[in-house]
Amino acid sequence: MGPETLEAKQKAAIEEILKAYPEKAAKNREKHLGVGSPNDENQKTCGDVRSNKKTVPGVMSQRGCAYAGSKGVVWGPIKDMIHISHGPIGCGQYSRAGRRNYYIGVTGVDTFVTMNFCSDFQENNIVFGGDKKLGKCIDEIEVLFPLNNGITVQSECPIGLIGDDINAVAKTKAKEIGKTIVPVNCEGFRGVSQSLGHHIANDAVRDYIFDGDMSHIDTTNVTPTEYDVAIIGDYNIGGDTWSSRILLEEMGLRVVAQWSGDATLKEMALTPKVKLNLLHCYRSMNYISRHMEKEFGIPWIEYNFFGPSQTIKSLRKIAAFFDESIQAKCEEVIAKYQPMIDAVIAKYKPRLDGKTVMLFVGGLRPRHVIGAYEDLGMEVIGTGYEFAHDDDYKRTKEEIYRSTVIYDDVNEYELEAFVKKLQPDLVASGIKEKYVFQKMGLPYRQMHSWDYSGPYHGYDGFAIFAQDMDLAINSPVWAHSKAPWEKEG
Amino acid sequence: MQEVEKIVNGKDLFKRPEYAEVLANKKQFESSMLAINPAKVDEIAEWTKSWDYREKNLAREAVTVNPAKACQPLGAVMVALGFEGTMPYVHGSHGCVAYFRSYFTKHFKEPTPCVSDSMTEDAAVFGGLVNMKEGLKNCAAVYKPKMIAVSTTCMAEVIGDDLQAFIIAAKEEDKGEFLPEEYPIPYAHTPSFVGSHITGYDNMMHGIMSQLTEGQKGETKQRINIIPGFETYIGSLRSIKSIVEAFGTDYIMLGDHSDQWDMPAGNYEMFSGGTKLDDAKDCINSSATISLQKYSTTKTMKMVEKRWKHAGGHSNPIGLKGTDEFVMKLAELTGTEVPQKLKIERGRLVDAMQDSYPYMHGKKFAIWGDPDFLLGLVSFLLEMGAEPTHVLCHNAPNGWEAEMRALLDTSPAKDSLNVWAGKDLWHMRSLLFTEPVDFMIGNSYGKELMRDTGTPLIYIGFPIFDRHHLHRYSISGYDGALNLLTWITNKVLDQLDEDTKQIATTDYFFDLVR
C-alpha cells in the first residue's frame, strides 16, 4: 500500500468516526483528529491537531485531573516526604501505589511513597473549613512518622471551592516543626487535564524547595563537580530511572538527583548546582527546567532512552555538552552495549518485523517509544496524547516515519473505532482501555505501568521491552478466541 | 548488562552487582534516613511495633493513613452497571471518572464504562448546567445507552448543582433529538465527604428504584426483589440467583453486574446483561424485597419497607448460618419447602466444614472490609471455631459496631476479640504488632501489612489487584462458603508447610497427609 492510499484511508476513518457526534461535539473533535505527515511543512503540529483544550462532556475521555498530575506524577514519588491527599477519601485511595514509582526505603519509617495519607473530609469540614484539621494532620504525622523530611498538601476539588487557606496553614506549621511543608493548589477541576497539575506542582517546587528554607536538609557532604547532572521527568516506573542512571554514570557523569522517581528532598535541593539538566518527560517538567535555566543558568536538553537508536542519539547529545573524556567514554558505553542490543534485535526482530502498533498514552511516550518499536521492525500507525500541548505535537512530527493517524484526548469510542478500522497488531495504552482490546482478541501492552514489568528505559530496559512485545504479540492465547466449531470468516 | 538468552525484568535486574553499585552510590545524595543513619531507621521501625506507638497511633483524630474505604460515586457507578444498557454518568470533573474506571478495572480485569461531563473552572463558578446539557446529549448520541444514571463528584456537590433541574433542562433543550422525554435518566447526589462507597451505592440504588417506578404502582405480584449490595464477587451474584431459582419463584435482581464485569473473550460490547429496565420499572409491584447488604441499602430499604410495604427485609448469605437464614426467608416468603438441591448443598458444605475444622479452630484472625462483608465473614469464622481477634471496619455506619460486638460475644473467646470501627489500616499495623494474629483476611491493601508484620494474608475482599480471578468465585451461599473454607484452610496448610519445611530440624512435621 502506498502512502497516498494509506493517508486517504486514514482520513476516511476520521470522517466516518465524526459522524456519530452531535454537531457541536463533532466540530470540536474534528480539530483534535488528524493525519500526521512527516514531510508536510504546512502542518504546524503533527496532523495539525489542536490540543490542551477542554474535553467534550459525556464522551469517556481517558484524561485525569490536576491532582493526579501533582500528587500522582510530580510530588508523589518523592520518597522522604509525606503527601497528604487533602479532601475526601476517594482521590488518594484510587491513586494509591498504582503508578509503580520504585524506590528504596523502609516504607512507613523513612519513606512513604506507596502509602495513602488523607485528611478524609467529612461534611463539617466542607461547611466549616478544613484548615484546622489539616494543621492537626500535620501534628499527628510529626508524632507518628518522625523521620519524614517534609510534607506536601495535595488539594482535592473542595479545597479551592470552600475558601480554605492551606498556604497559611503550611507556613505556620513549617515554622513550628522546622521542615518543608508545601501547599499545592492542584484541585482536580483546575485546567483541562493532569497537565495543569504538573505545572502547578513545578511551581510549588520552585517556591518551596528552591526559594524555601531548606536548612533542615544537610547537603554539605556533596561538593559540586564539573560532571554533575540531574535526571528530570523520570518517575522510575518499574525502575526506569535506575536503568538510565547507570548509563550516565558509566559515561563519567555524576547523577546528583532524580526527579522525582526514587527522589529525596536533598537531591532536589542539590539540583540548582548541576551543570546540565537532562529532561525526559518534557511535558511534566519543562516548567521547572526552564526556571532553572533562567534562574541558575543551567541548560537543559531533552533525551530519549527508549530503544537503542534513540538512546545512542541521546547519549551522544548529552556527551556533546561535556569534554572529550566524557565523549570518549560515551562511545565506550555505546560500544559496550552494542553486542547485547544486536543480539536482542537478532532474536526479536524476526518475530516482530512488520507488525503495526497503535498508541495512546500520556506524557512523552506517544512520540518517544516510536523509535523503540522501529528498532524491532514495527511501525506505529496511530498515536496520541491524553494531555499534550502544541509543542508535544510539533515534536511528534519529527518522530513519525510516514502518514500516521493522530488523535488528541481520544475517547473510548474513537479509539475503539480507529482500532477496528486500522487493524493494528498491537495496542499500547492504559489500564482503562486494556480489556476492551483484549476482548477483541488484540494483543495489548500497558504503556503507563509497563504491565507490571519493565524497566523499559536504557539498554537493559530495551531488552525487556523487546521481550514483552514479543510475549504480547506472539502469545498463543490470542488464537483461542475463536472456537473450533465456529466457521471461518 | 542483560544476557540475551535470559532477559530479566526489574524483579532480578536490579539485584545485579552493577545496579547494586548504582543504588549504593546514590545514597550520598539522598536525605532519607536509611541513607544517612540506618540505625536510626531500625530504632524508629522497632518503636512502631511498640505499645507506646500503638497508643499514639490509636489516639489519631485527624489524619487517615492507609484507608480501607472509598468514596460515594464509586458505589453509584457499580449500581448503574448492574442495569441493562446503562451508562454511569458522573457530573463533575473527569479525573474522578478516570479513577473509578481504573479502580474497578484493576480489580475485575474487565472494562468499566463510565462518562463524566468534564467540569472545569468555569463550571465551578457558573455551575455545571452547560456541561450537563452537552454531556447527556453526547453520551446518548455516541454510546446509545438505554439509560443514563447520573451521580456526582464532590466538586458538583460543593457548588450545589441541582441534578433534577439540570436533567429536565437538558431534555428541554435537546427537544427530543437525543434525549426524548421518556428517556430514563435517574440520578443521585453522591457527595464524597459523606459516608463511603456503600453510601453511594445506596443513594444510586434508591435513585434508580424510586425514579423508574414513578407512576408504575399496580397490582402486587408474587415476586421477590433481590438487592445484592456493593458485591464485588461475580460468583456470589450467580450463587444467589441459583438459590432463588431453586425455589422456583419469580424474582428480580436489582443491580446485577455479573455479566458486565465478566464478559467472554472474542468480542467487545460496551454493555452486557444487567437488570432489565422493564423489570426495574415494575419492581415496586413485587411482594417482597430482600437486601443482602443491610448497611449498603439503608435508605433504599427504608423506602421499600415504609413506602412500598414490601416484605423481606435483609439477609446476609455469607457462611452457613447466613445462608440458612436466607434460605429460610425464601421458604417463608414463597411458602414452600427448602428444595432438595439446597439441602444437599448444605449437607456437602457441613461435611467439608467437619473435615477441615481442626485447622481453623482456635486460629486468630485479623479481618477488615465493608460492614456487611465483615458480619458474614466473621459469622463464618465463628462457625468454624476460629477467633476473629481484630475486626476492623473503616466505613462502619451507625449501629454496626454494636451488631458486630454482639456477634463476637457469641464466641467463647469473646474477651480477646476486638471491634475497630472507623479505624484504618495503619491502626491495624499497630494492632498486628501488639496483639498478633495467625492470619489476616482482607484486600490487596493488606499486602504491606503482610510485609511489615509477617502475618500471612488471605485475599478475600475488595479491591484485589495483585491476585487473579478470585472475584470470579462466590463467597455467598453454601457453595460460596465452601470457597471460603477452601481458601482459608489451604492457606493455613500452606503456612503449616512453610513453618515446618526446614530440613532435619522441623520437617518431621512436614506431613504428607493433613
Trypsin sites (Lys or Arg not before Pro) within region A:1-106, DSSP loop, no more than 15 other Cβ atoms inside 10 Å
A:LYS19, A:LYS31, A:LYS44, A:LYS53
Name the long-range amide H neighbours of A:ASN236: under 5 Å, sequence gap of 5 or more, or other chain; modelled H, no Pro or chain starts.
A:THR241, A:GLY261
Spelling it out for B:TYR183: with amide H atoms placed in the peptide plane at 1.01 Å from N, the residues 5 or more places away or on another chain with amide H under 5 Å from its amide H are none
Where a Cα-Cα gap under 24 Å defines reach, which lysines qualify for A:LYS487, not counting those fewer than 8 residues away within the same chain?
A:LYS420, A:LYS421, A:LYS439
Where in region B:250-346 are there GluC sites (Glu not before Pro) that are in a DSSP coil and have at most 12 other Cβ atoms within 10 angstrom of their Cβ?
B:GLU269, B:GLU337
Other-chain or far-sequence residues with amide H under 5 Å of B:THR275's (modelled H):
B:PHE83, B:GLU84, B:GLY255, B:ASP256
Cα centroid separation, region B:293-346 to region A:2-42 (Å):
56 Å
Using a 1.4 angstrom probe on the protein heavy atoms only, line up B:LEU34, A:LEU422, A:LEU359 by accessible area, largest first.
B:LEU34, A:LEU422, A:LEU359
Among the lysines, which have Cα under 18 Å from the Cα of A:LYS171 when same-chain residues fewer than 8 positions away are ignored?
A:LYS132, A:LYS133, A:LYS136, A:LYS179
I need the P(r) histogram for region A:259-394: all alpha carbon pairs, bin width 10 Å from 0 out to the longest distance, whole percents.
11, 32, 35, 20, 3
Before we go on, tell me the buried accessible area for the B/A pair, both chains summed, 1.4 Å probe, in Å² to the nearest 100.
9100 Å²
Lysine pairs in region B:69-212 with Cα atoms under 28 Å, if 8 or more residues apart or on separate chains
17
Mean separation of Cα pairs under 8 Å and 6+ residues apart, divided by the residue count of chain B: what relative contact order is that in percent?
15 percent
Going residue by residue through region A:109-116, the Karplus relation 6.51 cos²θ - 1.76 cosθ + 1.60 with θ = phi - 60° gives ³J(HN,Hα) values, rounded to whole Hz and with x marking Gly or Pro, of 10, 10, 9, 9, 4, 7, 8, 10
Taking all pairs of distinct Cα atoms, average 1/r, flip it, and tell me the Kirkwood hydrodynamic radius of region A:63-104 in Å to one decimal place.
10.8 Å
Is any residue of region A:427-456 close enough, with backbone N under 15 Å, to a label point placed 7 angstrom from the Cα of A:GLU486 along the Cα-Cβ axis, and if so, which?
A:437-443
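If a/c stays under 1.5 just call it rounded; otherwise compare a/b with b/c (prolate if a/b is bigger, oblate if not). Do that for region A:160-268, with a ≥ b ≥ c from the square roots of the Cα gyration tensor eigenvalues.
oblate
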In whole percents, the bins of 10 Å from zero upward hold the Cα-Cα pairs of region A:81-239 as 9, 36, 39, 13, 2, 0
Tell me the mean residue ellipticity at 222 nm calculated for the protein assembly as shown from its helices only (DSSP H runs of n ≥ 4, each -39500 (n - 2.57), averaged over every residue, nearest 500).
-13500 deg cm²/dmol
Kirkwood radius from Cα pairs of region B:303-458 plugged into Stokes-Einstein at 10 °C, 1.306 mPa s, gives D in µm²/s equal to 93 µm²/s
Going toward the positive end of the dipole of region A:182-324, with +1 on Lys and Arg Cβ and -1 on Asp and Glu Cβ, which of A:VAL256, A:TYR287, A:ASN221 do you reach last?
A:TYR287
Taking the Cα atoms of chain A alone, what are Rg (to one decimal) and Dmax (as a whole number) in Å?
23.2, 74
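Starting from the Kirkwood Rh over alpha-carbon pairs, what translational D in µm² s⁻¹ does region B:324-375 have by Stokes-Einstein at 20 °C and 1.002 mPa s? Intermediate results must be reported in sequence, preceding the final value.
Values: Rh = 13.8 Å.
It diffuses with D of about 156 µm²/s by this estimate.
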Residue by residue through region B:194-201, what is 3J(HN,Hα) from phi via Karplus (6.51 cos²θ - 1.76 cosθ + 1.60, θ = phi - 60°)? Round to whole Hz and write x for glycine and proline.
10, x, 8, 4, 6, 5, x, 4
If I take all pairs of Cα atoms in region A:1-144, what percentage of them are more than 19 Å from each other?
68 percent
Could you give the C-alpha radius of gyration of chain B expressed as a fraction of 2.2 N^0.38 Å, taking N as the number of residues it contains?
1.07
In region A:373-473, what percent of the accessible surface is made up of carbon and sulfur (1.4 Å probe, ligands and nucleic acids excluded)?
45 percent
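Could you order B:ARG16, A:ARG365, B:ARG514 by accessible surface area, starting with the largest, using a probe radius of 1.4 Å? If you can, show how the numbers build up before the last one.
Values: B:ARG16 45, A:ARG365 25, B:ARG514 80 Å².
Order by accessible area, largest first: B:ARG514, B:ARG16, A:ARG365.
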I'd like the distance separating the alpha-carbon centroids of region A:76-137 and region B:112-130, in whole Å.
25 Å
Table column - 3J(HN,Hα) (Hz), region B:227-233, Karplus curve with 6.51, -1.76, 1.60, x for Gly and Pro:
10, x, x, 6, 9, 9, 9
Rounded to the nearest whole number, the Stokes-Einstein translational diffusion coefficient of the protein assembly as shown at 4 °C and 1.567 mPa s (Kirkwood radius, C-alpha pairs) in µm²/s is 44 µm²/s
Report the Cα centroid-to-centroid distance between region B:442-514 and region B:191-267 in angstrom, as an integer.
30 Å
Residues of type lysines that B:LYS309 reaches as a straight line, Cα spacing below 24 Å, ignoring anything fewer than 8 places off in the same chain:
B:LYS217, B:LYS221, B:LYS241, B:LYS276, B:LYS281, B:LYS294, B:LYS299, B:LYS329
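The values are calculated or read from the model by the stated rules, or taken from the named source; none is laboratory data. On a predicted model such as this, the values are computed, not experimentally measured, just so you know. Counting neighbours? That spans all protein chains shown, and the Cβs are built from the backbone with ideal geometry, glycine included. Just so you know, the surface numbers come from the protein's heavy atoms only, side chains and all, with ligands and any DNA or RNA stripped out. Shrake-Rupley method; radii C 1.70, N 1.55, O 1.52, S 1.80 Å.
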